[in-house]
Amino acid sequence: MIIHLKKEADKERIAELQKSLNAFYIKRNGNDVLITGSGMKQVPDDIQKEVQEFWVFDTDVQLASKTYENKTREVKIGNVTIGGESKSTILIGGPCSVESEEQIRESSELLKEMGLTTLRGGCYKPRTSPYSFQGLGLKGLKLLSKMREEYGLNVITEVRDASHVQEVIEYSDVIQIGAKAMYDQGILRACAKTQKPVLIKRGFGTSLKEFVQAAEFVLSGGNPNVILCERGLRTFETYTRFTLDLCGVAWLQEHTNLPIVLDPSHAMGYAYGVPNLAKACTAMGIDGLLIEVHPDPSVAKSDASQQLDHEQFRGLKGQLDSVAQSIGYQIV
Ligand code: PEP
Ligand code: MN
């Protein structure tokens, strides 16, 4: 249940109520908000006069639900706003991993030249094998931050465990939680304690309910700036790396108030399919696209097969502009 308290409630009383209901407390649009589990269906008699408004739910998809707020939340990424009334699809580009200053500078120059705003690059890579390239860590974060300053780009990069959260907050504009890390309660709780936007990638075996409940950890802990990212599920199919769940995206758009980013690069696993998938995603009226692009994909240290080269990425932008325009959106 979500409860908005009347304005009269003072701090002491809010704390008392929070304790007696075993609830989370957040401030949302000027309201004092208490959140309990969805098992609670009625406001206890003794607090009824202190309640302004309340919402009852069937499941623990609560703060993220359209039942609570029926418009997509606005999330600010540096100087760019997605969600709300913006009708903007942010095209996030950059390599899978930050590999060197030269490489990430080339990516930054490409985005700048194309009038784009947001650079991605992993520094703490959640690799499947311990023998693969694990990312440059702090050195990579410092390179991203240098690019952010020199090129005026917003930066998104991932955390692999909770100990990375503070560093990533310091050097970037969006914290990415990877598909394998999205169940990590330490990461989710640490991300709840900041106001930095958090992009949560859906695990490849994660139901929509579990996915949104991961977001609820961050929202109920006090950070309203959550973005969901669909990046493909594992199915019986082996010819593509994963299966992009566009039906799931339609469900999220209908039932949740969180901005949605789609990642066709990781879903497809092969560069050849990425442009058409990106167009299909854009046609759904989404808040962002995450596309891996590398100055020379053949030598990329991670996800080489799926990264576009610069020429392909430039070509894609023109196509996405037309698709976006046809539904009243713009690529930013
Ligand atoms: C990535 O974005 O490079 C990445 C590793 O993604 P995912 O967590 O979706 O596999
Ligand atoms: Mn990758």
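A few remarks follow.
- Inspection of segment 21-34 finds no residue satisfying the criterion of being modelled with pLDDT under 95 and part of a helix (DSSP H, G or I).
- Selected residue (only one of 110, 141, 119, 91 is part of a helix (DSSP H, G or I) and under 22 Å from the mean Cα position of the chain (by Cα)): 141
- Filter pass, residue 289 being within 11 Å of residue 93 (Cβ to Cβ) and crowded, with 23+ Cβ neighbours inside 10 Å: yes
- Tally, over segment 292-301, of residues that are surrounded by 15 or more Cβ atoms within 10 Å (Cβ to Cβ) and either within 22 Å of residue 154 (Cβ to Cβ) or away from ligand 2 (no atom under 15 Å from the Cβ) (or both): 4
- Within segment 96-117, tally of residues that are within 11 Å of residue 151 (Cβ to Cβ) and either within 11 Å of ligand 1 (Cβ to nearest atom) or touching a residue at least 40 places away in the same chain (Cβ under 8 Å) (or both): 10
- Residue in segment 317-326 that is surrounded by fewer than 22 Cβ atoms within 10 Å (Cβ to Cβ), within 16 Å of ligand 1 (Cβ to nearest atom) and in the same structural domain as residue 107 (by TED's automatic domain parsing) present: no
- Selected residue (criterion: surrounded by the fewest Cβ atoms within 10 Å (Cβ to Cβ)) from residues of segment 253-272 that are part of a helix (DSSP H, G or I) and away from ligand 1 (no atom under 16 Å from the Cβ): 254
- The listed residue being touching a Cys at 6+ places or on another chain (Cβ under 6 Å), in the same structural domain as residue 307 (by TED's automatic domain parsing) and touching a residue at least 60 places away in the same chain (Cβ under 8 Å), out of 199, 141, 136: 199
The values are calculated or read from the model by the stated rules, or taken from the named source; none is laboratory data. What you are looking at is a predicted structure, and each value in this text was computed from that prediction instead of being measured. Cβ sites come from the backbone with ideal geometry, for glycine too, and all protein chains shown count toward neighbours.
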